[in-house]
1. So in the chain, what percent of DSSP beta bridges are antiparallel if you round to the nearest 5?
2. When only Cα pairs under 8 Å and 6 or more residues apart are kept, what is the percent relative contact order across the stretch 309-451?
3. Given the pairs 216/292; 41/67; 193/262; 334/357; 24/121, which span a C-alpha to C-alpha distance of over 24 angstrom in this model?
4. So what's the net charge close to residue 300: Lys and Arg +1, Asp and Glu -1, counting the other residues with Cβ under 11 Å from its Cβ?
5. What is the calculated FRET efficiency for residue 155 to residue 13, with r their C-beta to C-beta distance and R₀ = 56 Å, to the nearest 0.05?
6. If you place +1 on the Cβ of every Lys and Arg, -1 on the Cβ of every Asp and Glu, and leave all else neutral, what size is the dipole of the chain about its Cα centre, to the nearest 20 Debye?
7. Taking every pair of alpha-carbon atoms in the stretch 314-389, give the share separated by more than 16 Å as a whole percent.
8. For the stretch 4-129, report the convex hull volume of the alpha-carbon atoms normalised per residue, in Å³, without decimals.
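Read-outs throughout are calculated quantities, based only on the coordinates presented, and are distinct from any laboratory measurement. Since the model is a prediction, treat every value here as computed from it, not as a measurement. Every residue, glycine as well, gets a Cβ built from its backbone with ideal geometry; the counts of neighbours run over all protein chains shown.
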Amino acid sequence: MANKILVVDDEEIIRDSLFYILEKEGYQVDKAENGKTAYEKILANHFDLVITDIEMPLMKGTELLEKIKTINFQTSVIIITAFGSLDTAITALRNGANDYILKPVEFDELIIKVQRLFEVKDLLSENKILREEIHRKYDFENIVGKSASIKKIYEMIEAVAETDSTVLISGNSGTGKELVARALHYKSHRKNKPFIAVNCGAISENLIESELFGHKKGAFTGAISDKEGYMKAANGGTLFLDEISEMPPQLQVKLLRAIQEKEYTPVGTTISLPVNARFITTTNRNLEEEVKAGRFREDLYYRINVIDIHLPSLKEREEDIPLLADHFLDKYRKELNKNIKGIDNEAMRAIMSHEWKGEVRELENVIERAVIFCKSDLITIQELPASFKPKADEYDFSFNGSLDESVRKFERDFILRALESNENNKEKTADALKVGLSTLYRKLKELDIKI
């Protein structure tokens, strides 16, 4: 749709000329002979741009500018002024005008200014949409789950996001630690500043100091120019240090100073630079044990552990597994343009009973694979990896856990199979199992089986 422009000038020849030139360029153009008429038209219709003279009867261009900015800040304004009124035009720029053009109006210059103005507006609009999309993607509401343990995570994110306190996120690999870190960032006052993620285990010990703090030219062999590190890149935003337990001991001292004193020193210089960033760290190791073993500094541990957020494993939040599976199914059927309605009971039971060593990341990968191979309305066990398919007439009697745990698992699986065979009808299931209905209800409660 063509951008709408309103031309406002009390001189008919200028008004008509601008109308003709801009309409010829493909814009949707209207015109007004003074500020009062223009204001009435602006109240009745939306305009993307108003091009207005300053000196006009009934209402001056500066007054019209003030009213436009009051009722619609999205409407841009270009001021037309004589050379002698240049000071007035500069004042108008300070009051919200986007540009000005001198009389006599050069049509080519005006067209270029209008084109550039709309290009900038489009870029700003696109940038705003992208930011909103990023904020939605990493908002804590996208951390899927309704279990008590995950609700506690929601509450903690809500409580600490607006603070600048350091946060240590612990949990197994694949539980979603970076997602929580990004949620903390995008819920904070730093959300429009950079979120810089650094995997401490992925950078060699020789380079990590330079990567984090930057270096001066000639600081070491190969330092052919100055380099700004991640610390500088994160200024004003959040520095996310993933797997901080992998950080070399000699670098832990410098990090402690950066967090504590809010300053750091690039490699090859003695000049300290200020840092204004929030520090969020993660670990999949027990840092208290690392401190006892002498592999991690105790003072740094206490400095990064002002707020500790521990992410539960899938084993601790089994009731969230169907929700997560549906979430990833919805994600990948959209991405892969598949018309899949859901996951059938047998496949969901296999997903529920699987030992998720790779946590949420593994679950996501399994669902993505299933969506790729699925050719019907429902994902079945055939689309899951081979390890999910039970062997014929065989039950897994591997010696893991206590006898009570094994019996509980067997009972749970056996009752789930019976329920599925009887379409979740409890009376029929009780009959099939040769137990009373009250016994079945008690077992459902004991084994946390929800229907």
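1. 5
2. 19
3. Checking Cα-Cα distances, 216/292; 334/357 exceed 24 Å.
4. +1
5. Working from the Cβ atoms, E equals 0.25.
6. The calculated dipole for the chain is roughly 960 debye.
7. 40
8. Per-residue hull volume (Cα only) is 100 Å³.
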